[in-house]
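The values are calculated or read from the model by the stated rules, or taken from the named source; none is laboratory data. Keep in mind that what you see is a predicted model, and the values were worked out from it rather than measured. Cβ placement follows ideal geometry from the backbone for every residue including glycine, while neighbour counts extend to all protein chains displayed. With ligands, DNA and RNA removed, areas are computed over all heavy atoms of the protein, side chains included. Shrake-Rupley method; radii C 1.70, N 1.55, O 1.52, S 1.80 Å.
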There are 2 protein chains.
Amino acid sequence: MHEFEWIARYFAPLTRGRAEALGLQDDAALLSIPHDQQLVVTTDTINESIHFFAGIPPQYIAHKALATNLSDIAAKGATPYAYSLALSLAPSVNEAWIADFCAGLAAQQDAAYIFLLGGDTTRSSGPLSVTITAFGLVPDGIMLKRSGAQIGDAIWVTGSIGDAYGGLQLCLHPDIPIADEHRSYLMQRYHLPTPRIELGQAIRALATSCLDISDGLLQDAGHIASASHVALSIESEAIPLSDAALELMQQDILFMDLITGGDDYELLFTAPADASAQLMAIANQTGIPITRIGSVQPGSGVTLVDKAGMPIPFTKGGWQHI
Amino acid sequence: MHEFEWIARYFAPLTRGRAEALGLQDDAALLSIPHDQQLVVTTDTINESIHFFAGIPPQYIAHKALATNLSDIAAKGATPYAYSLALSLAPSVNEAWIADFCAGLAAQQDAAYIFLLGGDTTRSSGPLSVTITAFGLVPDGIMLKRSGAQIGDAIWVTGSIGDAYGGLQLCLHPDIPIADEHRSYLMQRYHLPTPRIELGQAIRALATSCLDISDGLLQDAGHIASASHVALSIESEAIPLSDAALELMQQDILFMDLITGGDDYELLFTAPADASAQLMAIANQTGIPITRIGSVQPGSGVTLVDKAGMPIPFTKGGWQHI
C-alpha cells in the first residue's frame, strides 16, 4: 500500500477533522494561539530495542510514544493541545501494524482530548523509530519549570516509584516469581504509563518547580536541584512504592534500582511547606495520590537520607541516554 | 561522553540564547506567538541509507534535514522562526560526528535566522535518523496552501528541475562522464538544497497555491491539482533545466527521470495569469529565477504536453515514501 493511502485511511482520521491539520494535505499545520496563552512544545523519541522491545504490540508503542510526550506537557502544568508524528518504519511493518498502531494513538489521544496535526512517515532500513512533538497551552507566564524550587519547600511525587523498572525486569526475567496481579500491574506500568495531566494543571498555582520522572527519581531530582540552584534532600523511607514493587524487593530487585530505574512518568515537584493541605485536596479531587518525600535545602545536588537523617550513598543516578 | 555534556557543549549554543528554548533544560520550549500571526508547523525525517548515503559528511546531513523542513516553511509563505531536533544516533556516532553535525546546523540555521528550540537525542541500534519539526510565522489568514489554484492561473516553478536527481545518479554511478563544474554543481544541488525562503514570502500575496517539490515535479503538481480540484497542464519544453542537467541527458539520463526524481526543493506555485510582471520583478529582486511552465485548467490530474499541445504519457509520478 502506498503512503498516501495509509495517510488517508489511518492517519487522517486522527486529526478528528480539526482545521489546524489541513486534512494532512499540506505538509504543514497552521495554529492560532489564543492571545493570553503560550505554546509548550516538547519532543520525545522512542526507538525499537532501546526504549521498547522489538515485537511488542503496536498499540503499546503508540501509547508509550504519546504518553512520554504528554507526561512532559503535564509536568509544565499545560493543557495538551495536539501532536505531530514522525514514524520511521522498519521494512517488516505492514498495513495491519499501521492499523493497530493508529488504534493505540486514537485511544491515547482521545483520553487527552488532543488530535494529530501532521508529521512524516518514512522508510527505514533499520529498527522502528517514533518521534512525537507534542503541543500544550498554558496561560501566559505560569508554565511550571525545573527552576524555581525554594529553600524550605517540600518535595512531592505522584503515584509510586519503580513500577516501570519492575515491569522491565519481569520482561527480561519472566521467571521471577511474583503474584499474578502484581505481575500484570507492573507490566502495565512499564508498557502503558499514565501521564499525570490533570494533576499537573491542578498544582501549577502552588508548585514552585516540576518535572516528570523519566530518567529515574534521583537523576531527575538532580535536574531540579541544578536548575533551581538548591539541594534536594529525599527521605528514602518516604518514597512511595507499590505493593507489587515491595513484593519484587523480596526477589533480589534492589530498592536503589527501583528509585533510579526511570520510565516512571510520575511528576516530581516542589511546593511551599504550607501548601500541603491544598495539595492533598487536589490529590483527592483528581484521584492521583501524592506523597511528600523530602525538602529543599541550601546547597546543591541530591541527598538520599535514612530515617535518622543519615545520608545513603548512591552512585548511579539513572538512565544514560547516549 | 554523556548526553547532558553533549547538550551543553554542542546543542545549547544552537539556541542562540533565545528565552523560548529555556536553555534546553526543561524538556520543553515555550513560545509566545504575536497576536496577529499564526504558527506554521512542519515535520520531516531523513534516514540513513534511505534519504542520504551512509558515511556522508555530518554537515551534509544536518543541512539537508534543516533545508527540507525550511523548504516546507518557504512553500507556505511563512517566515522561519525556530526548530526542534530529534536525533536517533547509530552506535558508530562519536563526539567528532556531533561537532560536525552541529556545525552544519549552525550554518543553515543562521542563514535562515532561526534557532534550536529543543528536542531529544537518543540511541538507536540501527541507522541514523534525523527528524526536525520546523516552525514559521505568517500573518493571520494568508498562509499559502496546496488548494486555491484557479482555472486560468499560470503555473510557475523556481530554479531548475532535476538537478538533485542528476546529483543522485552521479553518486550512484561516479563513472558517468560530465564536465567537472557540472558534476560539482549537481552534487551540491543534491546534497545541499537551498530552501526558497525569500521567494515564498515575496509571492504570498500573489500566489493562489504553492508547495515545494520533494517527491518529483509531476507528483507534486498532482497534489496541487487534487487539493485545488483542477487540472494542471505542464508544457514539457518549458520546464527549466540547468546546463548540467542538459549535459546529463546526453549520458542516458532521461528527461522523464529528471522531472519525476524529486528532492528538488524548488517551489511550484500558481498565480493569476496577469501577475506575471509582478512575479518577474520579485524573481529579479530576490535573485531566484522563476519560469512559467503551464496553466491551470478544468478537470483533474496533471497533463504533460509537448510543443504542439499533445499529451506526453507518463506512468511514474515520483518518489514512493513507504
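Amide H to amide H distances under 5 Å link residue A:304 with A:234, A:312, where only residues 5 or more positions off or on other chains count and H is placed in the peptide plane. Averaged per residue, the protein assembly as shown has 37 square angstrom of accessible surface, using a 1.4 angstrom probe with ligands and nucleic acids left out. Across the identical copies, the label point of residue A:184 (7 Å from Cα in the Cβ direction) is separated from its matches by 6.9 nm, in order from shortest. Here the Gaussian network model covers chain A, with springs between Cα atoms less than 10 Å apart; of A:187, A:280, A:310, A:310 fluctuates the most. Counting Cβ atoms of other protein chains within 10 Å of each residue's Cβ and taking the mean over peptide B:114-123 gives 5.
Take the Cα of residue B:176, step 7 Å toward its Cβ, do the same at residue A:12, and the gap between the two points is 3.6 nm.
For the pair region B:107-123 / region B:241-303, the C-alpha centres are spaced 30 Å from each other.
Just to be sure I understand the rule: take each whole DSSP H helix in chain A, project its Cα atoms onto its long axis, keep it if the span is 18 Å or more and its mean Kyte-Doolittle hydropathy is at least -0.5. Which ones pass?
Within chain A the helices that satisfy the rule are A:58-75, A:95-111.
Using a Gaussian network model of chain A in which every pair of alpha carbons under 10 angstrom is joined by a spring, one finds that among A:259, A:213, A:151 the greatest mean-square fluctuation is at A:151. Of the residues A:26, A:263, A:212, the one that moves most in a GNM of chain A with alpha-carbon contacts below 10 Å is A:26. Using only helices, what value at 222 nm comes out for chain A when you add -39,500 (n - 2.57) per DSSP H run of length 4 or more and divide by the total residues, to the nearest 500 deg cm²/dmol? That calculation yields -9500 deg cm²/dmol at 222 nm. Using the alpha-carbon positions of region A:121-222, Rg (one decimal) and Dmax (whole number) come out as 17.7, 52 Å. The magnitude of the dipole of the protein assembly as shown, with charges of +1 and -1 set on the Cβ of Lys/Arg and Asp/Glu and taken from the Cα centre, is near 800 debye. What are the residues whose amide H is under 5 Å from the amide H of residue B:118, where those residues sit 5 or more places off or on another chain and H is modelled from the backbone? Here B:85 satisfy the definition. Couplings for region B:29-40, taken from phi via the Karplus curve 6.51 cos²θ - 1.76 cosθ + 1.60 with θ = phi - 60°, read 10, 10, 10, 10, 8, x, 5, 9, 10, 10, 9, 9 Hz in order; Gly and Pro are left as x. Taken one residue at a time, the phi angles of region A:257-269 give Karplus couplings (6.51, -1.76, 1.60, θ = phi - 60°) of 6, 4, 8, 10, x, x, 6, 6, 6, 9, 8, 10, 8 Hz. Gly and Pro are set to x. Computed over chain B, the alpha-carbon pair-distance distribution with 20 angstrom bins reads 32, 56, 12, 0, each value a whole percent. For the chain pair A and B, the interface hides roughly 5200 square angstrom of accessible area in total, found with a 1.4 Å probe. Counts of other chain beta carbons within 10 angstrom of each beta carbon in peptide B:8-19 average 0. Its Cα centre serving as origin, chain B has a Cβ charge dipole (Lys and Arg +1, Asp and Glu -1) of approximately 480 debye. For residue A:28, no residue 5 or more places off, or on another chain, has a built amide H under 5 Å of its own.
Across region A:169-208, the residues whose backbone nitrogen lies under 15 Å from the label position 7 Å along the beta-carbon direction of residue A:250 are A:176-183. Working note: Karplus 6.51/-1.76/1.60 with θ = phi - 60° gives region B:131-141 the couplings 10, 10, 10, 10, 10, x, 10, 9, x, 2, x Hz, where Gly and Pro are set to x. Separation of region B:134-197 and region A:48-86 by C-alpha centroid, Å? After rounding, the separation between the Cα centres reads 34 Å.
The apolar share of the surface of chain B, taken as the fraction of accessible area on carbon and sulfur atoms (1.4 Å probe, ligands and nucleic acids excluded), comes to 54 percent. Both radii come from the Cα set of the protein assembly as shown: Rg as radius of gyration, Rh as Kirkwood radius; their ratio Rg/Rh reads 1.01. This model, with +1 at the C-beta of Lys and Arg and -1 at the C-beta of Asp and Glu, gives region A:1-153 a dipole about its Cα centre of some 240 debye. The aspartates and glutamates whose alpha-carbon is closer than 18 Å to the alpha-carbon of residue A:307, local same-chain residues fewer than 8 away aside, are A:235, A:237.
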